[in-house]
Amino acid sequence: SELIKPYLGSKYKVTEVPKSLIFYMSKHSGPVNEIQWCPVLEQSHLLLSASMDKTVKVWDAVDTGCCLKTFSCHSCAVRAARWSSCGRRILSGGFDSMLHLTDVETGKQIFSSKTEFRISALKFHPAESNVFICGGFSPEVKAWDLRTSKVLRVYKAAVQQTLDILFLPEGREFLTSTDAVSRDSADRTIVAWDFQSAAKISNQIFHERYTCPSLSLHPKESVFVAQTNGNYLALFSAQRPYRINKKKRYEGHKVEGFAVGCEFSPDGTLLVTGSSDGKVFFYNYHTSRIIRTLSAHKEACVSATFHPVLPSLLATCDWAGEIKIWQ
């Protein structure tokens, strides 16, 4: 993309809050669960989307707003999809309990495997590009190796479902947010794991009686946020013992049972989240104040993600199947 080229060599500028709609993209016939910009910066005009309509799509979301590819390898809703670190493959998992690794150019499946549970979360290891973690409607979370097409490790938690997975820097540890069995107890909502040994490091991280549909790591500081069903974002240390910051919480948006995503801007100054009322909220990370709200969608906005290179470009998606690009 010619628009991205000038930014590739330079330092990322301060993130601006987007004000205007550039592209309105609606080729999905069901809710969009997840969107992700391609991690290869030269190809970061590409946006990936996973939908309840059983498809995964790739868009040119910077230059044209057009859908470039549609992959229909799943027979049920696609709940999670991630770019590989090389940007040439897409890993997807769905309610058909299938995992697929698809070659973006040819559309062929490089790897396919049936799991024992419906998949709701997938994350690649930050340092080992062939390793990923898969979770879903099961008490177990599994690490897979794409080179062998086999499960590397099993992490056993006394939960009903894994809602999200977050690797901590370097990938030696990771967190899972869960729908715990005993809602009367507040433990096990967020569990920390040792990646290598599969040992549970802590399950006493979050003591409120809310589940956390999504987790996000700060790009520069050793902290992470958890989206909670209590309609606020909680802030935690990303180092043991992962203490909650009781002085800061980010509230104003609504979650209401939707898997509403949240993330920090690439420069770490803003925190952005969708909202079940269709709005996007921008919080000042340091003060936790709302800087602005964007009336983005009519239905629940479940994901808002900043472009990794262009300082104010934002992609949002919603429960009606729409994707919008803002600047």
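Before moving on, here are some points about what is shown:
- Centre-to-centre, using Cα atoms only, the stretch 264-327 and the stretch 129-179 are separated by 27 Å.
- Spin-label pair Q196/S10, simplified geometry with 7 Å Cα→Cβ offset, distance in nm: 4.2
- Trypsin sites (Lys or Arg not before Pro) restricted to DSSP loop in the stretch 156-250 with at most 15 other C-beta within 10 Å: R172, R183, R209, K220, R243
- Relative to the current alpha-carbon distance between E208 and L68, full extension at 0.36 nm per residue lengthens the span by 46.1 nm.
- Proximal aspartates and glutamates to K13, defined as alpha-carbon separation beneath 20 angstrom and excluding residues fewer than eight positions away on the same chain: E2, E42, E221, E263, D267
- Taking the Cα centre of the stretch 190-327 as reference, the dipole from Cβ charges on Lys and Arg (+1) and Asp and Glu (-1) amounts to some 500 debye.
- For the stretch 17-26, Karplus couplings with θ = phi - 60° (6.51, -1.76, 1.60), whole Hz, Gly/Pro x: 6, x, 10, 10, 7, 9, 10, 10, 10, 9
- Hull shadow area, averaged, the stretch 1-92 [alpha-carbon convex hull, nm²]: 6.6
- Once backbone amide H atoms are built at 1.01 Å from N, D318 has V32, V302 as its partners under 5 Å, excluding neighbours fewer than 5 places away on the same chain.
- Highest-fluctuation residue, L152, L217, L314 considered, GNM on the chain with Cα pairs under 10 Å: L152
- In this structure the amide hydrogen of D277, modeled in the peptide plane, comes within under 5 Å of the amide hydrogens of K254, C301, none closer than 5 places in sequence on its chain.
- Spacing of the modelled spin labels on K156 and N284, each 7 Å from Cα toward Cβ, amounts to 4.9 nm.
- Sparse packing (at most 13 other Cβ atoms within 10 Å of the Cβ) combined with a DSSP loop state is found for the following trypsin sites (Lys or Arg not before Pro) in the stretch 66-148: K108, R147.
- Mean separation of Cα contacts under 8 Å (6+ apart) over length of the stretch 21-326, as relative contact order %: 13
- Overall dimensions of the chain by Cα: Rg and Dmax, Å: 18.3, 54
- Stretch gain in nm, segment E105-T293, where the contour uses 0.36 nm per residue and the Cα spacing is subtracted: 63.9 nm
- Simple label model, 7 Å out from Cα along Cβ direction - V17 to E116, nm: 4.8
- Per residue value of the accessible surface for the chain (all protein chains in place, 1.4 Å probe), Å²: 41
- Global geometry of the stretch 43-170, whether rounded, prolate or oblate, following the gyration tensor of its Cα atoms and the 1.5 cut on a/c: prolate
- The stretch 93-242 - Debye-derived log10 I(q)/I(0), Cα point model, q = 0.17, 0.19 Å⁻¹: -0.95, -1.16
- Long-range lysine pairs (8 or more apart or interchain), the stretch 200-327, Cα under 21 Å: 10
The values are calculated or read from the model by the stated rules, or taken from the named source; none is laboratory data. In this text, all values refer to a predicted model and were calculated from it rather than measured experimentally. Because the Cβ atoms are built from the backbone with ideal geometry, glycine has one as well, and the counts that use them run over all protein chains shown. All accessible areas refer to the heavy atoms of the entire protein, side chains included, with ligands and DNA or RNA removed. Shrake-Rupley method; radii C 1.70, N 1.55, O 1.52, S 1.80 Å.
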